[in-house]
Every structure is written in C-alpha cells, then in structure tokens.
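Here is the structure we will look at, set down as structure tokens.
Only the coordinates and a few stated rules stand behind these numbers; no lab work does. Bear in mind the structure is a predicted one, so any value in this text is a computation, not a measurement. Note that each Cβ is placed from the backbone with ideal geometry, even for glycine, and that neighbours are counted across all protein chains shown.
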Amino acid sequence: MLVERPPQQAPSPTAAPQHAAGSVADAVPLCRELTALSWLGTGRTSIAARFLLPARVARRSLWTLALAVITPGCLVTTDPDSYDAEPTPPFLVAGGLEPDPRRIYRLGGDSGIDQLDISASVFSEDAGRTVKAAIFIDYGFKNVEEQPFRFALLNFPELAAGTLAQGPRPLTGVRYRLGSYPLTAGCHRITLVVSHEFDTKTQCPKQLFDSDQVTWQFNRCDDGGGECAESVENCPPIEATCPGTPSAGTQDAASGAREDEP
C-alpha cells in the first residue's frame, strides 16, 4: 500500500541549516585547517561550487603551465655585435728603451765603445702586419740624395704582428756598429724609427703617421786618441724631415715646404 509522505515545513530563511552527521558541512572546519587553496568558499557557497571551483583553478594552472612551455624564453636569435680592433701606428714605450736616450755616449777612440746595442718595446695593433725598424744616422741632415739623414740602416729583424691586448712587445737585434759608415769626430745622432712599411726610394716610413722614433746623441771620438767629451756641441743641423707620404717629397724642417716644390 502506498503511503504518501507527509509534507515538511519549509525552513525559515533565518533559521540555521540542519545537517546530518557526516555531511559535507561537517567537513568545513577541517577544510579550514588545510591550505588556503583548499578553502575556496564561504558559508554561502553551494556544495557543488566548492567542488567545481578547485577544478577551474586546476584548469587555469594547466593552461599557465602549457603557455610557459610553448612560449620561448629570452633566446638570442642573432650573433652579438663584434668589432674589429682599429690598426694603430707602432708606439715606442719609453720604459723599454735601452740604452737611456737621455745620456750622451762616446763611440770609438780610446775611451768609447765600438757599437750601440738598442732594445725597445713596441705597443701597437698591427692587423697582421709586421713592425719594421730602421736606424737613421744624423736624422735631419739632408744628404746628396735629398734624403733627410746622413745614412740609413734598415736590415734588422722584423717584429711579428701583435695586438694592443698583448701589451708592449720587445724589439731586439737593432744595433749601430762603428765603422758601418765613416763618420767624422764630433757630435752625431742615432735615431731609431719603427713603422709597418718603409718606402724603398726615400727609405722613410711610407706613411709618416704610421711610425714612431727616438734619438740618442753621441760623440764620435777621434781614433788618434785625445780627449772625448761626454757632452755634445756643434751637432749636425736639422734641415729636413721625412715626408708625410712618399709622393710629398722630403720636407724642409724649417718651413715645411717640400723639396720638389719651386
């Protein structure tokens, strides 16, 4: 026999909800003690929403993870800019010069030395070019060939190409040996010139700006003996200098005019 279920009175809106023991509501205090992500609702949130909301958060977390995986990071797709070092002239470092260019030297005679051994340090960015060395005797004196020195010696060992990052590099094997060319007794000059290239005609640096130089003064002592002073006087005049370029011709030291000009 079918028995109709008696009607129940609708609960008052202000009445506290009644729940059976072991219901979801009894688990709320336990949920509050879990992590913040576990407690996602309030007392007014439906039981279904409390289960659906964590699912939504999980889906969003998955989307975020997927986006992080497929989105490229800070990838460098082109090579970084690189700059080639600019070539420089060869520079003679003062601290690496031997003998001391501030002294006066005596060569020949009874009290002088027979040769002057020169060592130096070169600082340069060579771009693969070797550094060449030359000695000019009495640089500034114009010889019969209209060159700005009395004699020139160029057959010295070349310095291998280097870079500024290497620092100063030693230049050795340069010397002036008495008797290489005849010199009268008295004051003379020895000038060390370094450059990447010398002109075969003028024997000067092919580009004057691509060079550096240092000068020593010495007395050529008389082979017949006698006093040889450690001071100099009546030194050869400085009448000319190497041209800026070979085509410019030897320059007059006083006016700067070229010798090939009228």
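Structure values in brief
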quantity: Reduced Cα scattering model of region 91-252, Debye log10 I(q)/I(0), q = 0.08, 0.14, 0.21 Å⁻¹; calculated: -0.24, -0.72, -1.39
quantity: Loop-located chymotrypsin sites (Phe, Trp or Tyr not before Pro) in region 182-223, at most 12 other Cβ atoms within 10 Å (DSSP); calculated: Phe209
quantity: Rough spin-label spacing in nm, given labels placed 7 Å along Cα→Cβ, for Gln166 and Asp117; calculated: 2.3
quantity: Hits among lysines - C-alpha to C-alpha of Lys132 under 17 Å, sequence gap 8 or more where chains match; calculated: Lys201, Lys206
quantity: Antiparallel content of DSSP bridges confined to region 91-252, in %, to 5; calculated: 85
quantity: Extension gain from Ile238 to Arg177, taking 0.36 nm per residue of separation minus the Cα-Cα distance; calculated: 19.7 nm
